Structures are given as structure tokens and as C-alpha cells.
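First comes the structure, then the notes that go with it.
The values are calculated or read from the model by the stated rules, or taken from the named source; none is laboratory data. Nothing here was measured: the structure is a model prediction, and the numbers come from that model. Here the Cβ positions follow ideal geometry from the backbone for every residue, glycine too, while neighbour counts run over all protein chains shown.
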Amino acid sequence: MDFEQLYKSYFIDVYYYMRGICRDEKLCEEVAQETFFKALKKIDSFDGKADIRAWLFTIAKNTYLSILRKNKRNIGLSEENEISSDNDFADDLDDRDTALRIHKILHTLKDPYKEVFSLRVFGELSFEDIGKLFSKSAGWARVTYYRAKMMILHEMEEQDG
């Protein structure tokens, strides 16, 4: 299969795979494009024993993780920065209309997203404490909170059109 055909056949699969991991459409498209760029450079190393989609998904996942690490390093995220970012989001709750919208959306989320988000924003608990409440790690709490936040923001964007 030539590379152009590979791209046409699997780009949408890689894109939707990334949409399952990340809600940011632009980032998903960037990762999908970068995946095929990397696949083009490494196509000689693909032995054909595995499903080509699995190979592409692995490249996509690794590309996504690399972008996250790079952005984290460039931004210099620390616990203090994350708390500051959370406070910016919590500041939106001061606006009654926005707060009501967020609460309505929050109540549509499934657990643990709903509870982790509430504990972080309203309970002002650290990720470490939230992780302990669920018998999980602080990293799990961070990821769960971030996903909940992205779900809320995505829903707000959809409501705004």
C-alpha cells in the first residue's frame, strides 16, 4: 500500500482515536498529522506482522504524550500553576449565569468526574487529598479533574454554538 493510500484510509481512524483521548479538535488534528509524518519516516520499520492501525495508534498515542510533556515543560507547570489555573476557572463561578451553566453541566457528568471536579473547585482539596479519598494517586486525580474540566468546557462551547 502506498503512503497516500495509507493516509486516505486511516487518517480519520487516527483522528477519532485521538478524539477519544483528547477533546481538543485542533490538537487531535495536529497529532494525527504528526502521526502520519512520523509513520512516513518509519514506514520501513513496519514489518506487517501487526495491524497497521494499531501501529498508527501507537505512534499517535506516543506523539500525544510527547506534546503533553513538551507543553508541560515549556509552560513549567507546577502544583502552584495548576491551582492558579483552577482559581481562574473558579473565578468564572462568581458570575451567576456562568456558575449556573457550569452547575447544570456538572450534574450531567458521571462519577468520578463530577465528584473530583467538585472536590477540587468547591472543596478546594489538593490532588493528593482527592486521590487518597478514592484510593488512587494524585496523578489519577489530576487527569480525572482535567477530563471533567474539558467535558464542561466542551459542553459550554457546544451550547454557545
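Looking at the range 88-116, I want the residues that are within 21 Å of Ala138 (Cα to Cα) and surrounded by 17 or more Cβ atoms within 10 Å (Cβ to Cβ) and have a partner that is modelled with pLDDT of 85 or more and charged (D, E, K, R) with Cβ atoms under 7 Å, at least 6 apart or on another chain. Which pairs are those?
Hits for this filter: Tyr113/Arg147.
Here is a list of conditions, (1) over 30 Å from Thr144 (Cα atoms); (2) not in a helix (DSSP H, G or I), and Leu6 meets all of them except one; can you say which number that is?
All conditions pass for Leu6, except number (2).
Out of the range 119-146, which residues are of a type in the set (S, T, N, Q) and either modelled with pLDDT under 80 or buried (at least 18 other Cβ atoms within 10 Å of the Cβ) (or both)? Give the steps one after another, and end with the answer.
We begin by selecting, within the range 119-146, every residue of a type in the set (S, T, N, Q); these are 126, 135, 137, 144.
Listed by number, the list holds a single entry, Thr144.
Would you mind stating whether Ser45 is more than 17 Å from the chain's Cα centre (by Cα), at pLDDT 75 or above and among the hydroxyl-bearing types (Ser, Thr, Tyr)?
Yes: the conditions hold for Ser45.
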